[in-house]
1. Rounded to the nearest 10 Å², what accessible area does E32 show when all protein chains are kept and the probe is 1.4 Å?
2. Hey, what do the phi angles of the stretch 133-148 turn into as Karplus ³J(HN,Hα) couplings, whole Hz, using 6.51/-1.76/1.60 and θ = phi - 60°, x for Gly and Pro?
3. Quick query: amide H of Q77 versus all other amide H atoms, modeled in the peptide plane; which residues come in under 5 Å with a sequence gap of 5 or more or a different chain?
4. ³J(HN,Hα) across the stretch 111-122 via Karplus (A = 6.51, B = -1.76, C = 1.60, θ = phi - 60°), whole Hz, x for Gly/Pro?
5. What are the ³J(HN,Hα) couplings of the stretch 40-52, residue after residue, when phi is run through the Karplus curve with 6.51, -1.76, 1.60 and θ = phi - 60°? Round to Hz, x for glycine and proline.
6. What shape does the stretch 105-153 have by the C-alpha gyration tensor, where a ≥ b ≥ c are the square roots of the eigenvalues, rounded means a/c under 1.5, and otherwise prolate means a/b greater than b/c and oblate the rest?
7. Amide H of V115 versus every other amide H placed in the peptide plane: which residues, excluding those fewer than 5 positions away on the same chain, fall under 5 Å?
8. Taking the simple approach of a point 7 Å from Cα along Cα-to-Cβ for both S54 and T41, what is their distance in nm?
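The values are calculated or read from the model by the stated rules, or taken from the named source; none is laboratory data. Quick caveat, the model's predicted, so the values are computed rather than measured. Cβ sites come from the backbone with ideal geometry, for glycine too, and all protein chains shown count toward neighbours. The protein model used for the area step is the full one, side chains on, heavy atoms only, and it has no ligands, DNA or RNA in it. Shrake-Rupley method; radii C 1.70, N 1.55, O 1.52, S 1.80 Å.
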Amino acid sequence: MSRRIALSVVAGVVVLGGAGAAGAVALAHTGEKSPELADSTARYTAPDGARDGSLTFVTDVTASSGVKSVKVLAWPQDSTFAQEGLTTKDMASAEPAVCKPSGEDTVRCTYTVEVTGSDAESSPRGAWHVAVLATAKDGTTTLDTEAADFTVG
């Protein structure tokens, strides 16, 4: 995986905390509907010889107040996140997706990262997940820790 993904995973492991519960309380008090994710997919293409590979994640996000940001973090199944859980606080250092309008209150968000041969060699093999933190303009959030999956072979 790319250094950016690996660094995000390492940074997230260091910052594990209880932000998930605080986020749930904030949502309960505001009465606002949190952003909704739909049609999330991940496509991993391994590097081949001199050609770099890539990871592309796409999702549709709907929020009645509009979408403020969408952050993405790829993480290996066999990591601290699997045992301790991933929180909104962990997503603070995650990378942003690029979002474009695709409906009245909906945006299509795409995240793509290049994967070099050395990135792939140093990455854990097996199942990976893509976590997504969507934030609406009204401040409500949705965290899907396993929005999509892919395999590094």
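1. For E32, the solvent-accessible surface is approximately 90 Å².
2. For the stretch 133-148, the Karplus-derived couplings read 10, 9, 10, 7, 5, 7, x, 6, 9, 9, 10, 10, 6, 9, 5, 7 Hz, x marking Gly and Pro.
3. A127, W128, H129
4. 10, 10, 9, 6, 10, 7, x, 5, 4, 5, 5, 8
5. 7, 9, 10, 10, 10, 10, 6, x, 9, x, 7, 8, 6
6. Values: a/c = 3.19, a/b = 2.26, b/c = 1.41.
Prolate is the answer for the stretch 105-153, as a/c is 1.5 or above and a/b outweighs b/c.
7. For V115, whose amide H was placed from the backbone, the distant partners under 5 Å are G53, S54, L55.
8. Here the modelled spin labels are 1.4 nm apart.
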